[in-house]
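What follows is one structure encoded as structure tokens, with my remarks underneath.
The numbers here are math on the coordinates, done by the rules we state, and not lab data. Small disclaimer: the values here were computed from a predicted structure and weren't measured. Counting neighbours? That spans all protein chains shown, and the Cβs are built from the backbone with ideal geometry, glycine included.
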Amino acid sequence: MMEFFNFIGGIFGYILWGAFFLVKNFGIAIMIFTIIIKLIMFPLSVKQQKSMAANARFQAKQQEILKKYANNRQKANEESALLMQKEGASPYSGCLTSMLPLLLMMCIYYAVVNPLTNTFHIAADKVSAALNTLSTLPGIGSSFNSYYGQIDLVKYFPQLNPYLTNADGSAIFNANDVSTINDFHNGFNFLGLDLLATPSTVGWGSMLWIIPVLCFVTSVVSTFLMQKMNGTNMSGQGAGCMKVMFLVMPLFSAYIAYTVPAAVGFYWIASTVFGFLQSIVLYKFYNMNIMEAKAEAQRVILREQEEASAEFINATAKVVTVDSEKSSSTSEKKNSNSSKKKKNSSKNKNSGSGYMGKKK
């Protein structure tokens, strides 16, 4: 799993590297990176919003089906399945987008923990040789943390670079690598905060404690405002569970931000803030009422199209034709009766004439 996130972190690292190349500041680069990711994921967020609207319509209509077929469970399930297909609802529609923030944070984590290989894509064998050299230096090797080795290498690169040589005495990093690492060394401070340091390992005087605090505050405030905006009721049935989650998830994100490099927590803050702004846009253009109105309008248009494509039958002409046929039939019957009467009359005359002749 770690190799997978490390691989994905390397892919996202190209975006982070491009942003850093433009601004030469890691904090601003993370903000640009977050905006780019939000824009890439925006169509997926719109799709999730539509799925939520479809699920809301489905649940409202499903209640009517359950009441109607309360004594026939099989029929209720069949009707619910047909309704789900008709409304385009799915119980798993929100799972992927719910997991994406955590997956992206893991990718950012590995892009930050291994900045030389995953963000700046310096050859892994060079970085490995440099870390092995540092681990053997007196006074450094004993305090050297191999897990955050690339971060330490960036932070102390001007002092460590003279010692980074191969066995034959040649430099491990070429001039281009040295320039890249020096740029990163000069650009990881943001508003006086060392984004490559970990809040749990530095003193309170470093002000890095503000990163986990902001993680908690932004998460709580954005969640509260979104629930208020969407009209979510936290006083009804199941409100207790919602209130617990309302605090547990922000506390969890704050704890994670406290135990990892500050750049990861800073990304989480930026992601929360920009995510809230994105939610405002989605609410304005894709809220439940608008989606319901659009769905109803589409149904009306579809019905009109079906009616327009149906074969037109002129009822008046049909009535006239039927009446004409009836008139013709009546006329024929009259003519037939008239003919029959004439024939009978002729027969009667002929028979009368014969009878009279015989009598004479």
- Can you work out ³J(HN,Hα) from phi for every residue in the stretch 71-83, in order, using Karplus 6.51 cos²θ - 1.76 cosθ + 1.60 and θ = phi - 60°, giving whole Hz and x for Gly and Pro? 9, 9, 4, 5, 5, 5, 5, 5, 5, 5, 5, 5, 5
- Column: log10 I(q)/I(0), Debye, Cα scatterers of the stretch 143-185, q = 0.20, 0.27, 0.32 Å⁻¹: -0.65, -1.04, -1.17
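Using a Förster distance of 35 angstrom, determine the FRET efficiency expected from the C-beta separation of Tyr255 and Val178, and round it to 0.05. Mind showing how you got there, number by number?
Numbers: r = 37 Å, r/R0 = 1.06.
The computed FRET efficiency comes out at 0.40.
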- What residues qualify as long-range amide H neighbours of Thr165, i.e. H under 5 Å apart, gap of 5 or more or another chain, H built at 1.01 Å from N? Ile172
- Message: Please list, in order along the stretch 195-210, the HN-Hα scalar couplings obtained from phi with the Karplus expression 6.51 cos²θ - 1.76 cosθ + 1.60 (θ = phi - 60°), rounded to whole Hz, x for Gly and Pro.
- Response: 6, 9, 8, 9, x, 6, 10, 10, x, 5, x, 6, 6, 6, 4, 5
- Query: Got a sec? How would His185, His121 order by Cβ neighbour count within 10 Å, fewest to most?
  - Reply: His121, His185
- Residue exposure sequence - Trp268, Trp204 - by fewest surrounding Cβ within 10 Å: Trp204, Trp268
- Query: Going by how many other Cβ atoms sit within 10 Å of their own, how do Glu79, Glu64, Glu3 line up, fewest first?
  - Reply: Glu3, Glu64, Glu79
- For Ile122, list long-range residues whose amide hydrogen, built 1.01 Å from N in the peptide plane, is under 5 Å from its own amide hydrogen. Thr117
- For the stretch 267-283, Karplus-derived ³J(HN,Hα) couplings (6.51, -1.76, 1.60; θ = phi - 60°; whole Hz; x for glycine and proline) come out as 4, 4, 4, 4, 5, 5, 5, 5, x, 5, 4, 5, 5, 4, 4, 4, 5
